[in-house]
Amino acid sequence: MYDQSLFLQTLSRFARVLPAQYDLEVALAELTESVAAVLGLVGSGVTMAEDGRLRFVTAVSQASGELERIQEEQQAGPCQDAYDTGDVVWVPDVRVETSRWPEFAAAATRLGVAGVAGIPMRLSNQIIGALNLYSSTPRAWSDEDLAAATVLADVATSYVINASKMRQQQQLSEQLQQALESRVVIEQAKGITAQKHAVTVDEAFHLMRGHARNNNASIRAVAEAIVAVGLQV
């Protein structure tokens with residue numbers, strides 16, 4: 001049975017930090033620690049989809065980390081099934097169901113893991129990864145256990161999407177800043193070139209563009225050279 005009080009505390013904390021800019025790797029690591037504590041697990045981990053394959057991102061213990069790596073290598077296990085089907089996948093004791101995921105079951109037995117579950121990380125109809133749960137003893141996963149884990153998986157998904165949007169916004173801001181900086185230095189170079197050749201700024205720009213083409217350089221590089229070192233075109 002999950003710890004309801006700790007579950008609510010975890011949700012409260014994530015609700016406070018989610019709107020802020022937060023390091024995704026740290027957030028997911030904190031999530032795996034929280035879900036392990038809430039459900040009383042020996043370990044937990046997160047795998048994310050990249051180019052159609054699940055990649056190990058983080059785990060709360062050495063044993064769960066090794067199981068995550070095995071699933072990444074084999075592309076087989078509860079997290080892979082959860083990702084492929086979009087359904088919660090759980091096994092009370094993977095040590096006695098060796099035919100389903102042979103390599104994973106053998107590793108779980110060696111590492112002292114019995115009950116396992118995979119919770120899909122879902123955004124609308126898209127599955128972006130899985131939250132993985134590991135119990136040291138056989139576990140009849142209750143509806144309450146799986147519901148709590150699903151909510152926390154949704155929290156993890158929100159973090160991923162939030163971080164992705166922030167990266168996109170940051171990239172857009174950086175590109176805009178670069179464009180503005182280029183425009184400033186190009187305008188300066190046009191003015192310098194126009195004055196030196198006694199031509200209009202439009203004619204100066206044609207001179208700069210021709211020099212850039214002839215020397216396989218960007219117009220910004222030419223402009224920076226005109227402004228910084230007095231390049232003449």
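Since every read-out is calculated from the coordinates, none of them should be taken as a lab result. Since we're looking at a predicted model, the values are computed, not measured. Virtual Cβ from ideal backbone geometry, glycine too; neighbours counted across all protein chains shown.
Only one residue of 227, 205, 188 has its Cα farthest out toward the positive end of the dipole of the stretch 172-229, where Lys and Arg carry +1 and Asp and Glu -1 on Cβ, and that residue is 205. Residue-wise HN-Hα couplings along the stretch 74-91, as the Karplus relation 6.51 cos²θ - 1.76 cosθ + 1.60 with θ = phi - 60° gives them from phi, are 8, 6, 8, x, x, 5, 5, 5, 4, 5, 5, 9, x, 10, 5, 10, 9, 9 Hz; Gly and Pro carry x.
Dipole magnitude for the chain: computed about the Cα centre from +1 point charges on Lys and Arg Cβ and -1 point charges on Asp and Glu Cβ, it is near 920 debye. If the chain linking residue 6 and residue 199 were pulled fully straight, counting 0.36 nm for each residue of separation and taking away their Cα-Cα distance, it would gain 62.1 nm.
Does the stretch 172-229 classify as rounded, prolate or oblate by the C-alpha gyration tensor (a ≥ b ≥ c root eigenvalues; a/c under 1.5 gives rounded; else a/b over b/c gives prolate, otherwise oblate)?
Working: a/c = 2.15, a/b = 1.57, b/c = 1.37.
Because a/c hits 1.5 or more and a/b exceeds b/c, the stretch 172-229 counts as prolate.
In this simple spin-label model, placing a label point 7 Å from the Cα along the Cα-to-Cβ direction at both residue 206 and residue 136 gives a separation of 8.0 nm. When the helices of the chain are scored as -39500 (n - 2.57) per DSSP H run of n ≥ 4 and the total is divided over every residue, the value at 222 nm lands at -20500 deg cm²/dmol. Taking Cα centre as origin and charging only the Cβ of basic (Lys, Arg, +1) and acidic (Asp, Glu, -1) residues, the dipole magnitude of the stretch 172-229 rounds to 160 debye.
Taking label points 7 Å from Cα along the Cα-to-Cβ direction, residue 229 and residue 85 give a separation of 6.5 nm. Each Lys and Arg adds +1 at its Cβ and each Asp and Glu adds -1 at its Cβ; summed about the Cα centre, the stretch 75-120 shows a dipole of about 200 debye.
Distances between placed amide hydrogens fall under 5 Å for residue 43 paired with 134, all partners being 5 or more residues away or on another chain. Derived scalar couplings between HN and Hα for the stretch 120-134 equal x, 9, 10, 10, 6, 9, 9, 9, 10, x, 8, 9, 10, 10, 10 Hz in order, rounded to whole Hz, by the Karplus curve 6.51 cos²θ - 1.76 cosθ + 1.60 (θ = phi - 60°), x for Gly and Pro. Using R0 = 25 Å, the C-beta based FRET efficiency linking residue 51 and residue 126 works out to 0.95. Is the stretch 104-151 best put as rounded, prolate or oblate by its Cα gyration tensor, with a ≥ b ≥ c the root eigenvalues, rounded for a/c under 1.5, and otherwise prolate when a/b is larger than b/c, oblate when not? Oblate, because a/c is 1.5 or more while a/b does not exceed b/c.
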